[in-house]
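These notes concern the structure reproduced below.
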Amino acid sequence: RLVEQFHDRPLAFLGVRNGGGEWRELIILRPTLIAGGGGAVAIRKLTVDVHRPTAHDAAVVGELHWDNRDPAGSQDRIDQAFDVERVTKRFFEGLKGHYDAIHQAVEAAGRSDPAVLKGLERAGGSERVALRLVTQILFCYFLQRKGLLEGERRWLSLAYERNLPRGNY
């Protein structure tokens, strides 16, 4: 209806309240007509936890500004904010830094403990162990973003904080 009643690239902001009446989420929708799609619409969506926005959330929202002097440029800038290739590139660049840090920690653990070194060798090396850790964390993060880990969108951080004081990390 947004596309039919307004124009081919509207931007919609929807607020979701929790049971207590406070804002819980902000959902930003960007429907666009698919060229040659016979009226089909693609919808890009960003769901922001208003109490704990991610760096990605902040980057996208920061690019959603309108300039009345340049409507076409504003439309293009908003489309770029939701550009999957751009987001994916930024994501993988950030992920590489985390992988490198985990890989260094795994290697250091192997150097300081012969039993860990033996386990790393059985698992295929420190690179493989680091990659497996990163992919498992990413999968948990995906589940967390969908609210599938005990309904808690901070499940990973809370689990880390619960275990850090006890040295269970």
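The values are calculated or read from the model by the stated rules, or taken from the named source; none is laboratory data. These numbers were taken from a predicted model, which means no experiment stands behind them. We place every Cβ from the backbone using ideal geometry, glycine too, and count neighbours over all the protein chains shown. When the accessible area is computed, the model is the full protein with side chains, heavy atoms only, and any ligands, DNA or RNA have been set aside. Shrake-Rupley method; radii C 1.70, N 1.55, O 1.52, S 1.80 Å.
Checked against the criterion of being surrounded by 12 or more Cβ atoms within 10 Å (Cβ to Cβ) and either aromatic (Phe, Trp, Tyr) or within 18 Å of Val16 (Cβ to Cβ) (or both), the stretch 65-72 has at least one qualifying residue.
The number of residues in the stretch 111-155 being open to solvent by 50 Å² or more (accessible area, probe 1.4 Å) and on the phi < 0 side of the Ramachandran plot comes to 29. Which of (1) open to solvent by 60 Å² or more (accessible area, probe 1.4 Å); (2) in contact with a strand residue (DSSP E or B) (Cβ under 7 Å, 6 or more places away or on another chain); (3) of a type in the set (Phe, Trp, Tyr) is the odd one out, the single condition Phe91 does not satisfy? So Phe91 meets the others, but not (2). For the stretch 50-74: of the residues being part of a helix (DSSP H, G or I) and in contact with a Lys or Arg (Cβ under 8 Å, 6 or more places away or on another chain), which is nearest to Arg24 (Cα to Cα)? The selected residue is His56. Per the listing Thr47, Thr32, the residue uniquely modelled with pLDDT of 85 or more, part of a strand (DSSP E or B) and among the polar types (S, T, N, Q) is Thr47. Answer yes or no as to whether Gly37 is part of a loop (DSSP other than H, G, I, E, B), open to solvent by less than 40 Å² (accessible area, probe 1.4 Å) and farther than 19 Å from Ala12 by Cβ. In short, yes. So, of the residues in the stretch 78-120 that are among the basic types (Lys, Arg) and out of contact with any Leu (no Cβ under 8 Å at 6 or more places or on another chain), which turns out to be farthest from Pro31 (Cα to Cα)? Restricting to residues being among the basic types (Lys, Arg) and out of contact with any Leu (no Cβ under 8 Å at 6 or more places or on another chain), the top hit is Lys118.
Report yes if Val60 is in contact with a helix residue (DSSP H, G or I) (Cβ under 8 Å, 6 or more places away or on another chain), surrounded by 12 or more Cβ atoms within 10 Å (Cβ to Cβ), among the β-branched types (Val, Ile, Thr) and farther than 23 Å from Arg9 by Cβ, otherwise no. No: the conditions fail for Val60.
Look at (1) in a strand (DSSP E or B); (2) farther than 24 Å from Gly147 by Cβ; (3) among the basic types (Lys, Arg) and you find that Arg77 fails only one, number (1).
All of (1) under 18 Å from the mean Cα position of the chain (by Cα); (2) open to solvent by 40 Å² or more (accessible area, probe 1.4 Å); (3) more than 21 Å from Arg153 (Cα to Cα) hold for Ala55 with one exception: (3).
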